[in-house]
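Inspection log for the structure reproduced underneath, given as structure tokens.
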Amino acid sequence: MTSPQRRQFLKTAGTAAMLGPAGLIMQQRAGAADSSGSAVEGFPDISRGQVVRTSGKLVDGAAFEENSRRIPVAGHSQVLVCGGGPAGIAAALAAARSGAKTQLLELAGCLGGVWTAGMLTKILDTGGKSGIMKEVLTALAAQGSDVAKDSGGTVYDPELAKVVLEEMCVDAGVEICLHTMVVGAVTNDKNQLVAVITESKSGRQVWTADRFIDCTGDGDLAAQAGCQFDLGFGDDCVCQPMSMMALITGPEPEDVQEFIRETGASAKPRFLKFMRDAGIDPSYRAPTLRHLHSGIYSIMTNHEYGVSAFDAAAITKATIEGRREVHEIVRGLRKLGGVWKDLAVVATAEQIGVREGRRVKGRYTITSEDIATGLKHPQSVCNAKFPIDVHSLELAGNPEDIEKLRARGVKRYDIPYPSLVAADVDGLLMAGRCISGDFFAHSSYRVTGNAVPMGEAAGQAAAESIRQGVMPHELQWKSGSPRPS
């Protein structure tokens, strides 16, 4: 660590030794079972439930020394996108539509990330966005409810979004692999990223590519590749709280109209006062109710404070607590009777909403000064205008210096292409909330209406850099497209 706020994830010598470029089985096609489903010689047949077994020994009960083993190469693509959320979908679509063979890996059982598995139901900062963002909004509005149409697709049904996004990617020729987690990365002696290691029901696998894009949100791929990153606020690296979203049903829309967010800015404080007057005290002080379609609403009433996005045990605890609070609040409202008498939880999110993870060091770092003064950059991939949105770091509220900077406001600013290019590893781009920026800038650009054009730019740049035979950092972004420098 170079400072209390700076964390550097070093490449592990053990992984590099076992899975370095010389050890990759490059001549094999698609590991234990190739894309046609046929078993590959020399590896177990995963379609029949066979596995590559682990061996080794426990050391004093505190560690495990794993023996080296041959890991199958699951596939090779020109562009490999890790993370199938808003940024990842756009990156994969842009790369595939630019003519690159594109593979998309996603941890959840659906595409969309926070849009779908996280049940966000609202896309923020879409104004002035064209390209894939406009395409997605148009599809969500055209196929969605009257609410979706009236909002231009920004208020959407997460179940519909799953299908829309899958169809877009399949139609573009993107290869999709769900239920797959990035657990490692390999660089060569030129400091170029050459492979990603994953774990899934198929076991441990390797994926090779010519270019890689980290759209994991938390910067998982970049960290595994050895990139430096910043985290949170202050010396303790405190991150914004997580939130458990849910879908509910019961009331008629006209009976709760005063609490529905799209009614106006006063809906949130009015809903908070109503709940508190009823003896309900939500951990999120700006509870949000959205009408999606028919009798279905989304609700956000939960904050989980001080949770690390990289600690599975902590996230598990936050998820359980968040889900418990959602059900407790719904029970409390239902007891009021009247319009709330039939209130019920339809579903809670598969993935708790994570606002903040790693901010990976790029070749440009967006700062609070940039967003306050309205940065104009010659290599802008899009612009943003969302305010500094730091959800309270603790139940009592935010420190005074955060509120002072928030009061300064935000002018429409550019997101520069170099902030999407990893500084420490070649061949790696980032898109979404893990790009290079400081704590305050991140709280503005992190919303998904910005993640999509970032992903689109990264996908186009990855494909163009292959076509030009150069690394992504050797491109410049001009007039909406990448050019040779």
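The values are calculated or read from the model by the stated rules, or taken from the named source; none is laboratory data. All of these numbers come straight from a predicted model, not from anything done at the bench. Note: ideal-geometry Cβ built from the backbone for every residue, glycine included; neighbour counts use all protein chains shown. These accessible areas exclude ligands, DNA and RNA; they are computed on the full protein's heavy atoms, side chains included. Shrake-Rupley method; radii C 1.70, N 1.55, O 1.52, S 1.80 Å.
Based on the Stokes-Einstein relation at 37 °C and a viscosity of 0.692 mPa s, and on the Kirkwood radius from alpha carbon pairs, segment 239-323 is assigned a translational diffusion coefficient of 237 µm²/s.
Carbon and sulfur together cover what percent of the accessible area of segment 94-182 at a 1.4 Å probe radius?
54
Expressed in Å, the radius of gyration and Dmax of the Cα atoms of segment 63-181 are 16.5, 59. In a reduced charge model with +1 at each Lys and Arg Cβ and -1 at each Asp and Glu Cβ, segment 265-310 shows a dipole moment near 200 debye about its Cα centre. For the chain, the alpha carbon positions stretch 67, 51, 48 Å along the principal axes, listed from largest to smallest. Relative contact order of segment 310-390, taken over Cα pairs closer than 8 Å and 6 or more residues apart, is 21 percent. Between the alpha-carbon centres of segment 171-228 and segment 111-169 there is a gap of 26 Å. Under the criterion of Cα pairs below 8 Å and six or more residues apart, the relative contact order for the chain equals 19 percent. Taking only the C-alpha atoms of segment 131-195, Rg followed by Dmax gives 17.3, 56 Å. Quick check on segment 105-164: take the gyration tensor over C-alpha atoms, sort the square-rooted eigenvalues as a ≥ b ≥ c, and tell me if it's rounded (a/c under 1.5), prolate or oblate. The shape class here is prolate.
For segment 159-211, give the magnitude of the charge dipole about the Cα centre (Cβ charges: +1 Lys/Arg, -1 Asp/Glu; no others), in debye to the nearest 20.
Working: 5 positive and 8 negative charges, 60 e Å.
With Lys and Arg at +1 and Asp and Glu at -1, about 280 debye.
For the pair segment 36-102 and segment 289-339, the centres of their Cα atoms are 34 angstrom apart.
Could you give the accessible area per residue of the chain, probe 1.4 Å, as a whole number in Å²? Working shown, then result.
Working: 20350 Å² over 485 residues.
I get 42 Å² per residue for the chain.
Only protein heavy atoms count here; under a 1.4 Å probe, Lys385 has an accessible surface of about 100 Å². Put simply, when 353-365, 257-269 are sorted by average Cβ atoms within 10 angstrom per residue, most first, you get 353-365, 257-269. When you restrict to C-alpha pairs under 8 Å that are six or more residues apart and normalise by the size of segment 254-396, the relative contact order lands at 17 percent.
Per residue, how big is the convex hull around the C-alpha atoms of segment 328-481? Give it to me in cubic angstrom, could you?
On the way: hull volume 25.0 nm³, N = 154.
Here the figure is 162 Å³ per residue.
Derived from the Cα gyration tensor, the three semi-axes of the equivalent ellipsoid of segment 134-278 are 39, 24, 14 Å, largest first. With the alpha-carbon atoms of segment 392-485 aligned to their principal axes, the span from lowest to highest coordinate is 53, 26, 20 Å, starting with the largest. Legend: distances between Cα atoms for Lys162/Lys201; Lys201/Lys361; Lys134/Lys317; pairs beyond 26 Å are Lys201/Lys361; Lys134/Lys317. Computed over segment 42-126, the percent of Cα pairs more than 16 Å apart is 70.
Between segment 232-247 and segment 374-451, the alpha-carbon centres lie 15 Å apart.
Nonpolar atom fraction for segment 321-476, defined as the carbon and sulfur part of the 1.4 Å probe accessible area, stands at 47 percent.
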